[in-house]
Amino acid sequence: MEEIKKVTWRSPSNIALVKYWGKKSGVQIPANPSISFTLEHCYSETSATLVKKQSKGKDIELRFYFDGKENMAFRLRMLKFFDMIAKDFPILQQYGLFIHSTNSFPHSSGIASSASSMSALALCLCDLQNQMDKKKVTKDKFLQKASHYARLGSGSAARSVYPLISEWGKAKGVAGSSDEHAIPFEKFLHPTFKTFQNTILIASSAEKKVSSRIGHSLMKNNPFAAPRYAQANKNLRDLIVALKKGDLEKFGSIVEDEAMTLHALMMCSSPSFILLAPSTLSMIEKIRKFREETKLPVYFTLDAGPNIHLLYPNNIKRKVDSFIFAELEKYCEQGKMIHDNVGKGPFRVK
């Protein structure tokens, strides 16, 4: 097939500090604002290639490859996404499209692969459309547009297009905040957090019993939904203050509270479900005991799964590494863990 234009983008996953859990009516509109660290080593790399279309109709011609193999399940998901956004991306109907995607991290490792993959794809599409239109836009406008369309594919993907840290969801007192796209928050971040470490401890790599999509929907009838959304807004305001001041103790208190609340909400859903593993609870107890004994600022958070994200400043990395290997590794599935840190955001691969 004759290649007309090709772009490749690498985009990272992220780890939410204040969690997004529950949706308003509309397409991927969050019920509460969220904020997340952008990771560095856990990323998706996606190439999108425009080719001459074989038919003259408006049908979208797509071939999707994951890890070098054609993937029909992903292709069907992409077609639904493309049908939704086709009016804003004429290239989807004017050309055929080949997409090749790969992740730097294994499947079911506690990393939000939809955040990295959908943000990488949105960046590719926005880049291709701009090039074919010969349109020049500012970096800020480009990333905001990519965040908007990434959100339509996966809510948390909206936050992956910015370096270090980003906020998503309309929040009182947060200038520029929006339900439609994330905003960068780097300029408000204390230097302590700019080199923060994130070690992912794999308690289980088994597929989740309940998907995040279903989990979000169960919030509609959760008796604790309203107080949760009030809590999230307060936690966001308080966390922003801690992030600006470099207040590690306040940061850790809020982040751990958010993690435990997320899983408590799952247990209070109807039907209820539990995603924590016994080893998750064992590691939490060890982390709390270690912090109490050493007074070191080591904290944990959890996404919608059993795997722990251990968060700590770079200047205590050696001590924390020793603790991990002495006390936590035995609770990880086959000793599996991923060492990551706060990252610089996505970039176009040359």
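Comparison of Asp59, Asp83 shows that the only residue that is more than 17 Å from Met132 (Cα to Cα) and modelled with pLDDT under 95 is Asp59. Look at (1) of a type outside the set (A, V, I, L, M); (2) closer than 30 Å to Lys208 by Cα; (3) buried (at least 24 other Cβ atoms within 10 Å of the Cβ) and you find that Cys126 fails only one, number (2).
For Ala277, the criteria (1) more than 26 Å from His216 (Cβ to Cβ); (2) surrounded by 15 or more Cβ atoms within 10 Å (Cβ to Cβ) hold in every case but one, which is (1). With respect to the conditions (1) more than 30 Å from Arg228 (Cα to Cα); (2) touching a Pro at 6+ places or on another chain (Cβ under 9 Å), Val18 falls short on a single one, namely (1).
Each row is one residue, and each column tells you yes or no for (1) out of contact with any strand residue (DSSP E or B) (no Cβ under 7 Å at 6 or more places or on another chain); (2) modelled with pLDDT under 95; (3) surrounded by 24 or more Cβ atoms within 10 Å (Cβ to Cβ); (4) of a type in the set (S, T, N, Q).
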{"position": "Phe98", "(1), (2), (3), (4)": "no, no, no, no"}
{"position": "Ile111", "(1), (2), (3), (4)": "no, yes, yes, no"}
{"position": "Leu121", "(1), (2), (3), (4)": "no, no, yes, no"}
{"position": "Lys135", "(1), (2), (3), (4)": "yes, yes, no, no"}
{"position": "Asp140", "(1), (2), (3), (4)": "yes, no, no, no"}
{"position": "Ser147", "(1), (2), (3), (4)": "no, no, yes, yes"}
{"position": "Ala150", "(1), (2), (3), (4)": "yes, no, yes, no"}
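The listed residues are Lys19, Lys80, Lys5, Lys56, and the only one of them that is out of contact with any Phe, Trp or Tyr (no Cβ under 8 Å at 6 or more places or on another chain) and surrounded by 24 or more Cβ atoms within 10 Å (Cβ to Cβ) turns out to be Lys19.
Would you be able to tell me the number of residues in the stretch 222-250 that are under 16 Å from Leu189 (Cα atoms) and touching a residue at least 60 places away in the same chain (Cβ under 8 Å)? So the count comes out to 6.
For the stretch 309-339, filtered to residues that are touching a Ser or Thr at 6+ places or on another chain (Cβ under 7 Å) and among the aliphatic types (A, V, I, L, M), the residue that is farthest from Ile284 (Cα to Cα) is Ile338.
Thr301 passes every criterion in (1) out of contact with any His (no Cβ under 7 Å at 6 or more places or on another chain); (2) part of a strand (DSSP E or B) apart from (1). For the stretch 280-295, what are the residues that are surrounded by fewer than 17 Cβ atoms within 10 Å (Cβ to Cβ) and hydrophobic (A, V, I, L, M, F, W, C)? Matches in the stretch 280-295: Leu281 only. Residues that are at pLDDT 95 or above and either among the aliphatic types (A, V, I, L, M) or not assigned by TED's automatic domain parsing to the domain that holds Cys332 (or both) within the stretch 287-305 comprise Ile287, Leu296, Val298, Leu302, listed in sequence order.
Residues in the stretch 306-316 include at least one that is of a type in the set (Val, Ile, Thr), assigned by TED's automatic domain parsing to the domain that holds Gly335, surrounded by fewer than 21 Cβ atoms within 10 Å (Cβ to Cβ) and touching a residue at least 12 places away in the same chain (Cβ under 8 Å).
Restricting the first residue to the stretch 175-188 and requiring it to be touching a residue at least 12 places away in the same chain (Cβ under 8 Å) and surrounded by fewer than 22 Cβ atoms within 10 Å (Cβ to Cβ), which pairs with a second residue that is assigned to a loop (DSSP other than H, G, I, E, B) and among the basic types (Lys, Arg) meet a Cβ separation below 7 Å and a spacing of at least six or different chains? Pairs that qualify, where the first residue is touching a residue at least 12 places away in the same chain (Cβ under 8 Å) and surrounded by fewer than 22 Cβ atoms within 10 Å (Cβ to Cβ) and the partner is assigned to a loop (DSSP other than H, G, I, E, B) and among the basic types (Lys, Arg), are Ser177/Lys170; Asp179/Lys170. In the stretch 203-217, of all residues being hydrophobic (A, V, I, L, M, F, W, C) and not in a helix (DSSP H, G or I), the one that is modelled with the highest pLDDT corresponds to Ala203.
The values are calculated or read from the model by the stated rules, or taken from the named source; none is laboratory data. Note that the structure is predicted; figures quoted are calculated from it, not measured. No Cβ is skipped: glycine too gets one built from the backbone with ideal geometry, and neighbour counts run over all protein chains shown.
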